[in-house]
Amino acid sequence: MDLQLAGKRALVTGGSRGIGRAVARRLSLEGADCALVARTAGALAEAASALAAESGRRVVGVAGDLAVAGTAERVAEEAAAALGGIDILVNCAARASGGVPEDLAHITDELILRDFEEKFVGYLRCVRAVVPWMRRAGWGRIVNVAGGAARVAGSISAGARNASVVHLTKTLAFELGPDGITVNAVHPGTTATEAVLARLGAQAAQSAQGLAIRRLVTPDDLACTIAFLCSPLAGGVTGEALAVNGGAERGVRY
């Protein structure tokens with residue numbers, strides 16, 4: 001299926017590794033030019049070079065910490081200057097939860113504040129920074145990578161920050177819809193990124209047994225779903241939060 005992404009210009013945060021890199025790879029293979037954002041310049045340069053060589057598209061890296069005020073505006077300006085505009089934003093820059101305990105006895109104010117500054121505020125800053133280009137074009141796609149912790153009790157900070165991203169997504173969908181811009185969220189489950197596999201080790205195979213598909217979701221599984229949501233073909237989908245978790249939930253949602 002042709003996703004009609006040829007010539008589109010995408011900004012992908014957290015794009016040097018893991019899910020963000022897989023999304024940028026998929027978008028570039030579908031014909032989009034991409035700007036990758038991450039904090040580490042060396043990893044960015046390697047990712048951009050590798051993806052450009054594989055896809056034949058323009059792929060650039062823009063270094064910056066999106067938890068710092070003012071960075072999103074600078075990043076968007078640099079990306080738009082390099083690509084000629086911005087049509088697509090995929091917000092993916094945030095720590096993977098699960099590495100530290102988040103129960104009442106262990107959660108800290110510092111972790112909660114960092115999580116919200118990085119994810120909720122960081123995502124919002126990026127949206128504000130790119131929307132002017134999308135409004136001028138009368139078209140845009142925004143996908144926020146949230147997380148399954150929003151739907152499951154147990155992780156105080158991870159659950160709250162991901163739930164806040166879903167609320168932000170729905171609110172922005174209504175505000176930006178008249179401008180031709182759709183906004184959706186995707187909930188990854190346990191995903192076979194380098195960081196997650198290193199943390200789970202031998203438990204990775206055991207974790208997969210609780211899923212309907214009996215394997216961990218791969219970064220490319222998520223990337224293919226996100227690429228569709230970024231495409232003109234998904235114009236009727238907005239304000240939604242879609243779980244791409246291999247069938248981790250047994251509850252029925254109406």
Top of T218, T108, T182 by mean-square fluctuation, Gaussian network on the chain, Cα under 10 Å: T108
Gyration tensor over alpha-carbon atoms, region 1-93, equivalent ellipsoid semi-axes in Å: 19, 14, 11
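Note the full-extension length gain between T108 and K170 as 0.36 nm times their separation in residues minus their Cα-Cα distance, in nm to one decimal.
Working: separation 62, 0.36 × 62 = 22.32 nm, distance 2.84 nm.
Full extension from T108 to K170 adds 19.5 nm.
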Helix 219-229 vs. the chain, principal-axis angle (Cα, 0 to 90°, nearest 10): 50
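Set the Förster distance to 41 Å, then compute FRET efficiency between E249 and A45 from the Cβ-Cβ distance, nearest 0.05. Display every interim value, and only then the final one.
Values: r = 39 Å, r/R0 = 0.95.
After rounding, the FRET efficiency stands at 0.60.
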Most mobile listed residue (A93, A146, A52) in the chain, GNM with C-alpha springs under 10 Å: A52
Principal-axis tilt of helix 122-137 within the chain, Cα atoms, nearest 10 degrees: 30
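Distances over 24 Å make up what percent of all Cα-Cα pairs in the chain? Can you show the working numbers first?
Numbers: 13906 of 32131 pairs.
So the pairs more than 24 Å apart make up 43 percent of the total in the chain.
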Choice from S16, S207, S157 with maximal GNM fluctuation in the chain (Cα, 10 Å cutoff): S207
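Using the number of other C-beta atoms within 10 angstrom as an exposure proxy, rank L222, L124 with the fewest first.
On the way: L222 26, L124 17.
Lowest count first: L124, L222.
Readers should treat all values here as calculations from the given coordinates under stated rules, not as data from a laboratory. What you are looking at is a predicted structure, and each value in this text was computed from that prediction instead of being measured. Here the Cβ is made from the backbone with ideal geometry for all residues, glycine too, and neighbour counts use every protein chain on show.
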